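K.L.:
Below is a structure I'd like to ask you about.
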Amino acid sequence: MTISLHRRARQPRRVAVMSVHTSPLEQPGRGDAGGMNVYITQTAVEMARRGVSVEVFTRATSSDQPPVAELAPGVLVRHLPAGPFEPLGRHELPAQLCAFTSGVLRTEAFHEPGHYDLIHSHYWLSGQVGWLARDRWGVPLVHTAHTLAKVKNAALAHGDTPEPRTRVIGEEQVVAEADRLVANTDVEARELVDLYDADPAAVQTVSPGVDLDRFAPGSRAAARAALGLPADAVVLAFVGRIQPLKAPDVLLRAAAELVRERPELRERLVVLVAGGPSGSGLEQPEALRELAGSLGIAGSTRFLPPQAGEALVDVYRSADVVAVPSYNESFGLVALEAQACGTPVVAAEVGGLPVAVAHGESGLLVPSHRAGDWAGALAHVALNPGRRAELAASAVRHAARFSWERTTDALLAAYAEAMRDFRDTALEVAV
């Protein structure tokens, strides 16, 4: 391993970001694109504003993609050929890691030694690549897991497929090799230590943020008009990838329970689902529509494709409540975005959601996935205007505690510490 001994702890000049299985240029809510894409995009852009160049390495999924694309000034996305020019499932990607890693190393080889100061890998597949590049380049590796196989397997949705042993072993290897592990919450930090034997000194909690300029309170009437929703509707919204892990079926079952309990709601209720099939949800892409029909609420359920920009803001603003019923979430960016728009959230009490949602203040946390429990929580918020208004005001204040600027501050501090410790270790080895 080649070590540059002259490096001092400082803000990095150039960061190599590994995002093997999904590109920050992809639309969140479709395929494997989700909160991780938002995280990478927002932090990369914010770092570039501060003079840190960022290069994101991702797998090319089409021959039409340019080898290099500019995401924003100072942020490049490099599309590396690795396997066929088509989307691949995450279980198919380990076979392409050798080709992808080769592309990463060849890219760096065209530059002078020390071109990259640090590697930040996202998800375990990227961590495998980052680990090898770290050893070749002699720079520290910072890793963010985003989700953990052992945690997911402990809370599987009914009928969902467990994460394979290959992934568990891969995650254990990355945890052992990374110089810094960035967790989204203290809960995730404890999981890394307790379940993966991570060194506590190497784990740092950095909460994700929310774009407080884009996601802000606005006219609910205007948002509903833009979406073609009745002004007096009771709107329950779900935003995200349609797969068992995200549990949109829980919202549909709860909505059906509400209609059974309060038949007068049938004419006003709108269940708004914005997202596309993903993961194991691709095996039955029409399953959620079929469920709505079998529950007798097909006429009350409206499906939208993944939304971006102001269209996504309109979805949040139009809702009386946004539901996040996931079986596991490392954080839950949808919950933050909704609250920033002034919409209370009802979320499952799992993973990082108790951090993203302040129970009883900005929304409610439900400790189960039973339809009756969810129906009660949704009714408490959506059908009680006074309580909803209280929660909405607190939701905006709660979301204001999170910003991508604060997230980037903390990441850059973690980078500086990782670079310092890496340099000190290298000096000790040299001596």
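The values are calculated or read from the model by the stated rules, or taken from the named source; none is laboratory data. Everything numeric in this text was worked out from a predicted model, so none of it was measured. So basically every Cβ, Gly included, is an ideal-geometry build from the backbone, and we count neighbours across all protein chains shown.
K.L.:
One residue is enough: does the stretch 58-68 have a residue meeting the conditions in the same structural domain as G127 (by the TED database), touching a residue at least 12 places away in the same chain (Cβ under 8 Å) and within 25 Å of L412 (Cα to Cα)?
P.N.:
Yes: the stretch 58-68 contains one or more residues that are in the same structural domain as G127 (by the TED database), touching a residue at least 12 places away in the same chain (Cβ under 8 Å) and within 25 Å of L412 (Cα to Cα).
K.L.:
Against the condition surrounded by fewer than 16 Cβ atoms within 10 Å (Cβ to Cβ) and over 24 Å from L181 (Cβ atoms), how does P73 come out, does it pass?
P.N.:
For P73, the condition - surrounded by fewer than 16 Cβ atoms within 10 Å (Cβ to Cβ) and over 24 Å from L181 (Cβ atoms) - is met.
K.L.:
With respect to L378, is the statement that it is within 13 Å of Q339 (Cβ to Cβ) and in contact with a strand residue (DSSP E or B) (Cβ under 7 Å, 6 or more places away or on another chain) true?
P.N.:
No, not satisfied.
K.L.:
Restricting attention to the stretch 124-148, which residues are surrounded by fewer than 24 Cβ atoms within 10 Å (Cβ to Cβ) and under 15 Å from the mean Cα position of the chain (by Cα)?
P.N.:
Across the stretch 124-148, the qualifying residues are H146, T147.
K.L.:
Answer with yes or no whether V142 is farther than 23 Å from T185 by Cα and either in contact with a strand residue (DSSP E or B) (Cβ under 8 Å, 6 or more places away or on another chain) or not assigned by the TED database to the domain that holds V38 (or both).
P.N.:
So V142 does not fit the description; no.
K.L.:
Right, next: Is it true that some residue in the stretch 271-292 is modelled with pLDDT of 90 or more and polar (S, T, N, Q)?
P.N.:
no
K.L.:
Moving to a separate point now. How many residues does the stretch 339-351 hold that are within 14 Å of S326 (Cβ to Cβ), buried (at least 24 other Cβ atoms within 10 Å of the Cβ) and either of a type outside the set (A, V, I, L, M) or modelled with pLDDT under 95 (or both)?
P.N.:
Count: 1.
K.L.:
Turning to a different aspect of this structure: So in the stretch 1-38, with the set limited to residues that are of a type outside the set (A, V, I, L, M, F, W, C) and modelled with pLDDT of 95 or more, which one is surrounded by the most Cβ atoms within 10 Å (Cβ to Cβ)?
P.N.:
Per the criteria, the residue is S19.
K.L.:
Whether any residue in the stretch 293-311 is surrounded by 24 or more Cβ atoms within 10 Å (Cβ to Cβ) and aliphatic (A, V, I, L, M) is what I want to check.
P.N.:
no
K.L.:
Something else: Against the definition (surrounded by fewer than 19 Cβ atoms within 10 Å (Cβ to Cβ) and either of a type in the set (D, E, K, R) or in the same structural domain as P354 (by the TED database) (or both)), how does R262 come out, yes or no?
P.N.:
Yes, satisfied.
K.L.:
Can A201 be described as free of Cβ contacts under 8 Å to residues at least 60 places away in the same chain, among the hydrophobic types (A, V, I, L, M, F, W, C) and either closer than 30 Å to A319 by Cβ or in a loop (DSSP other than H, G, I, E, B) (or both)?
P.N.:
No, not satisfied.
K.L.:
Could you tell me which of the residues L181, L192 is under 21 Å from Q42 (Cβ atoms), crowded, with 20+ Cβ neighbours inside 10 Å, without any contact (Cβ under 8 Å) to a residue 60 or more places away in the chain and aliphatic (A, V, I, L, M)?
P.N.:
Exactly one residue qualifies, and that residue is L181.
K.L.:
So how many residues does the stretch 208-248 have that are within 26 Å of Y39 (Cα to Cα) and either modelled with pLDDT of 95 or more or not polar (S, T, N, Q) (or both)?
P.N.:
Residues flagged as within 26 Å of Y39 (Cα to Cα) and either modelled with pLDDT of 95 or more or not polar (S, T, N, Q) (or both) within the stretch 208-248 amount to 24.
K.L.:
Now for a separate question. Quick one: is A348 within 20 Å of R214 (Cα to Cα), of a type outside the set (K, R) and touching a strand residue (DSSP E or B) at 6+ places or on another chain (Cβ under 8 Å)?
P.N.:
no
K.L.:
What single numbered condition from (1) closer than 30 Å to S121 by Cα; (2) surrounded by 15 or more Cβ atoms within 10 Å (Cβ to Cβ) fails to hold for L236?
P.N.:
All conditions are met except number (1).
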